[in-house]
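Nothing in this text is a laboratory measurement; each read-out follows from the coordinates by a stated rule. Since the model is a prediction, treat every value here as computed from it, not as a measurement. Neighbour counts run over all protein chains shown; Cβ positions are idealised from the backbone, glycine included.
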Amino acid sequence: MSAVNETKFNSAVFLVTGIPGLDEVHLWISVPFCFMYVISIVGNSVILFIIKTDPSLHEPMYIFLSMLAITNLGLSIATIPTILGVFWFNSRKISLNACFAQLFFIHSLSFIKFSVLLLMAFDRFVAIYEPLRYASILTMQRIAKMGLVCVLKGVSTVFLVPFLLERFRYCRANLLSHSYCLHQDMMKMACSDITINSIYGLFIIVSMVGLDSLLILLSYVMIFETVLSIASHAQCVRALNTCVSHLCAVLLFYTPMIGLSVTHRFGKGSSPLLQILLGYISMLVPPLINPIVYSVKSKHLRGRLMRTFIK
């Protein structure tokens with residue numbers, strides 16, 4: 001009997017959620033979602049293609065931008081099957097192993113993205129604080145090593161999560177809060193003691209995300225100190241203007257992600273619709289807006305885009 005129960009628990013099937021109360025218009029809601037996915041994938045792919053094919057863009061700033069575009073593409077691809085499956089075909093079932101795989105890619109890519117945003121803040125700091133030594137500090141070899149560290153850090157951080165979740169027996173309501181799988185959401189479905197997972201998740205948030213956020217904040221404090229010491233007002237504005245795109249990327253990614261984590265951990269009485277909306281915003285909006293913001297703010301990238309489409 002014990003073996004039968006273990007088989008039943010380990011082969012659990014979860015149900016992803018669309019937008020409650022709007023099931024009849026899910027097909028119409030999928031139209032803007034599809035539009036956002038198409039723009040995100042095409043926009044980030046075009047940026048990657050242009051940076052790769054144009055030697056004049058093989059600079060640290062654009063290399064880091066290409067890393068950001070890769071993580072945006074990965075996050076979009078990781079959520080497409082379940083989100084569009086719900087809205088197109090009302091396909092709500094997802095197996096335990098598929099859920100583990102999806103949450104692994106979502107969380108690891110998110111942590112990689114946190115690290116990439118930190119590298120981009122460091123890039124802006126070096127460009128403003130040490131402009132004459134910029135090229136010698138951020139060499140291609142160092143950039144490659146920093147990118148590798150970001151990937152290893154993100155993957156190693158989330159590597160244990162599926163194994164920790166696999167220990168649980170899932171005998172509670174199997175309805176997830178989103179159209180995709182998240183660690184904090186799956187913990188609620190378990191009827192086992194989730195203390196270890198809660199402590200590990202909190203440790204990751206504080207040590208990884210908190211540290212990256214603190215270092216980004218420190219970078220901008222030093223950037224503003226350096227900029228304010230510049231005598232020329234025009235040079236001051238020009239220096240700050242180079243940071244606008246990165247600040248937009250940070251705010252677009254951090255704000256809904258932190259809000260979603262807080263509502264999952266501490267917002268037991270919060271509206272389920274708020275969690276769902278924050279989930280869609282955190283997954284769909286940053287990959288959509290980032291290529292647009294960088295294309296508008298970067299003169300070199302914008303010029304290369306215009307020449308490409310004119311041809």
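Ranking Ser56, His183, Asn197 by Cα position along the charge dipole of the stretch 23-310, where only Lys, Arg, Asp and Glu carry charges on their C-beta atoms, puts Ser56 farthest toward the positive end.
Directionally averaged projected area (the stretch 192-305, Cα convex hull): 10.0 nm².
Largest GNM mean-square fluctuation among Gly147, Gly210, Gly18, using the chain with Cα springs under 10 Å: Gly210. Listing Ile137, Ile47 from fewest to most neighbouring C-beta atoms within 10 Å gives Ile137, Ile47.
Evaluated with a Cβ-only charge set (Lys, Arg +1; Asp, Glu -1), the stretch 113-231 carries a dipole of roughly 260 debye about its Cα centre, given to the nearest 20.
For the stretch 130-144, 3J(HN,Hα) computed residue by residue from phi via the Karplus equation (6.51, -1.76, 1.60; θ = phi - 60°) reads 10, x, 6, 9, 4, 5, 6, 7, 9, 7, 4, 5, 5, 5, 4 Hz, glycine and proline entered as x. Taking the number of Cβ atoms within 10 Å of each Cβ as an exposure proxy, the fewest-first ranking of Met61, Met283 is Met61, Met283.
Counting only DSSP H runs of at least 4 residues, each contributing -39500 (n - 2.57), and dividing by the residue count of the chain, the helix-based mean residue ellipticity at 222 nm comes to -25500 deg cm²/dmol. With neighbour counts taken as other beta-carbon atoms within 10 Å, the residues Leu278, Leu57 rank, fewest first, as Leu57, Leu278.
Dividing the C-alpha radius of gyration of the chain by 2.2 N^0.38 Å, with N its residue count, gives 1.09. Which pairs break 25 Å Cα to Cα here: Lys52/Lys145; Lys93/Lys113; Lys93/Lys153; Lys145/Lys297; Lys145/Lys299? Violating the 25 Å limit, Cα to Cα: Lys93/Lys113; Lys93/Lys153; Lys145/Lys297; Lys145/Lys299.
Principal axis extents of the C-alpha atoms in the stretch 71-216 (largest first, rounded to whole Å): 61, 37, 21.
GNM on the chain, alpha-carbon springs under 10 angstrom: the most fluctuating residue among Met186, Met222, Met120 is Met222. As an equivalent ellipsoid, the stretch 63-125 spans semi-axes of 30, 12, 7 angstrom, where each value is the square root of five times an eigenvalue of the C-alpha gyration tensor, largest first. Seen from Lys113, the other residues with C-beta closer than 14 Å to its C-beta sum to a net charge of 0, counting Lys and Arg as +1 and Asp and Glu as -1.
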